[in-house]
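Here's the structure we're looking at; comments come further down.
The values are calculated or read from the model by the stated rules, or taken from the named source; none is laboratory data. The structure presented is a predicted model; accordingly, all values stated were derived computationally and were not measured. Here the Cβ is made from the backbone with ideal geometry for all residues, glycine too, and neighbour counts use every protein chain on show. Quick note on the areas: whole protein, heavy atoms, side chains included, nothing else; ligands and nucleic acids left out. Shrake-Rupley method; radii C 1.70, N 1.55, O 1.52, S 1.80 Å.
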Amino acid sequence: MPLRLIFMGTPDFAVPTLRALHAHGHEIVAVYTRVAKPAGRGMKLQPTPVEQAARELGLPVLTPSTLKTPEAEATFRAHKADAAVVVAYGMILPENILNAVPRGCFNLHASLLPRWRGAAPIQRAIMTGDAESGAMVMKMDAGLDTGDVAMTDRLPITDAMTAQDLHDALAPRGADLMVQAMAALEQGGLDLVPQDEAGITYAAKIGKAEAKIDWAKPAHEVLRHIHGLSPFPGAWFEIAIEGVPVRIKVLRCELAQGSGAPGVLLDEHLTIACGSGAIRLLQVQRAGKQPMTAPDFLRGTPLAPPLAVI
């Protein structure tokens, strides 16, 4: 029999899993997501991507501000679900909620646990230069991403990948993984393996102070820093245009030939020297403007070496 499931998620990353579980016949008895927030020029309330998808599917949506009250627990239990599926919900589940469904709560996490537990696993994996990432289905416990692992899907990280690229690759793969996990749970054959005690790292939330590019680092580190923060918040530098410092976000780049003082423009194709080696900027975004390719940027803002960026 299909499972009765509570789904808990908020951003785009969670939507493929919600849609896949629904398409495979599971009964989604409730969808929990974060409350709508003002967004856009008119600052109108914008439902989360998960809420929008749930309403398209005709599923009931709940947006509680907390799960820590007796009323929240009573509501959760009243769904009489077999299990809960959690994907980037954005709210910690108290232990009484974790224990409120008989088969448990299962989380889709975008890393190879125990590496990169926490808030920003996709960004941290790229920024640190990891060779691979992946998705894991984990049975949740009271710790931060410490639960036993049910299934894993691994994916290489290339130097060309941005955080958006990795996000977009892992979201559908993670959805397939969760469908497999729920099918195994339904049949009583879901095996759980404790996480390794070695190799634990934490993916702290990205801070604004991390976004400025440090050209003194080796080119490969600069590239991974840029791609790990693309498109948000966006790694940036400043350059003087008509005597005024202008902030430029870098969204894509590649390793390039050349050397020089860190931060110096080496040619007319946006090649910039790093502490060792150089990178060529491929896609940039001037403050207040849309993203554009390097050639388009240079057509409107011609730059010539040996200009230095900061």
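Filtering Leu67, Leu18 for residues that are in contact with a Phe, Trp or Tyr (Cβ under 8 Å, 6 or more places away or on another chain), part of a helix (DSSP H, G or I) and either open to solvent by less than 70 Å² (accessible area, probe 1.4 Å) or at pLDDT below 95 (or both) leaves a single hit, Leu18.
Condition check ((1) more than 21 Å from Ala184 (Cα to Cα); (2) open to solvent by 10 Å² or more (accessible area, probe 1.4 Å); (3) more than 20 Å from the chain's Cα centre (by Cα); (4) among the hydroxyl-bearing types (Ser, Thr, Tyr)) across all residues:
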site: Val87; (1), (2), (3), (4): no, no, no, no
site: Asn96; (1), (2), (3), (4): yes, yes, yes, no
site: Arg103; (1), (2), (3), (4): no, yes, yes, no
site: Phe106; (1), (2), (3), (4): no, no, no, no
site: Leu112; (1), (2), (3), (4): no, yes, no, no
site: Ala119; (1), (2), (3), (4): yes, yes, no, no
site: Gly129; (1), (2), (3), (4): yes, yes, no, no
site: Ala135; (1), (2), (3), (4): no, no, no, no
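Among Ala163, Ala204, Ala211, Ala169, which is the only one that is open to solvent by 50 Å² or more (accessible area, probe 1.4 Å) and over 30 Å from Pro102 (Cβ atoms)? Among Ala163, Ala204, Ala211, Ala169, only Ala204 is open to solvent by 50 Å² or more (accessible area, probe 1.4 Å) and over 30 Å from Pro102 (Cβ atoms). Here Glu221 clears all of (1) assigned to a helix (DSSP H, G or I); (2) under 21 Å from Asn107 (Cα atoms); (3) of a type outside the set (Phe, Trp, Tyr) except the condition numbered (2).
A single member of Lys217, Lys208 is more than 26 Å from Gly300 (Cα to Cα) and touching a Cys at 6+ places or on another chain (Cβ under 8 Å), and it is Lys217.
Among the residues examined, Ile157 does not qualify as surrounded by fewer than 17 Cβ atoms within 10 Å (Cβ to Cβ), without any contact (Cβ under 8 Å) to a residue 40 or more places away in the chain and β-branched (Val, Ile, Thr). One residue stands out in region 199-212 among those that are touching a residue at least 60 places away in the same chain (Cβ under 8 Å) and in a loop (DSSP other than H, G, I, E, B): the one that is nearest to Gly275 (Cα to Cα), namely Ile206. Within region 241-289, restricting attention to residues that are charged (D, E, K, R) and crowded, with 17+ Cβ neighbours inside 10 Å, the residue that is nearest to the chain's Cα centre (by Cα) is Arg252. When restricted to residues that are closer than 14 Å to Leu57 by Cα and of a type in the set (D, E, K, R), region 3-40 contains 2. Of note, Leu62 satisfies the criterion of being in contact with a strand residue (DSSP E or B) (Cβ under 6 Å, 6 or more places away or on another chain) and surrounded by fewer than 18 Cβ atoms within 10 Å (Cβ to Cβ).
Please list, ordered by first then second residue, the pairs with beta carbon atoms under 6 Å, 6 or more apart or interchain, first in region 110-130 and free of Cβ contacts under 8 Å to residues at least 40 places away in the same chain, second assigned to a loop (DSSP other than H, G, I, E, B) and surrounded by fewer than 23 Cβ atoms within 10 Å (Cβ to Cβ). Note: pairs meeting the criteria are Asp130/Ile157.
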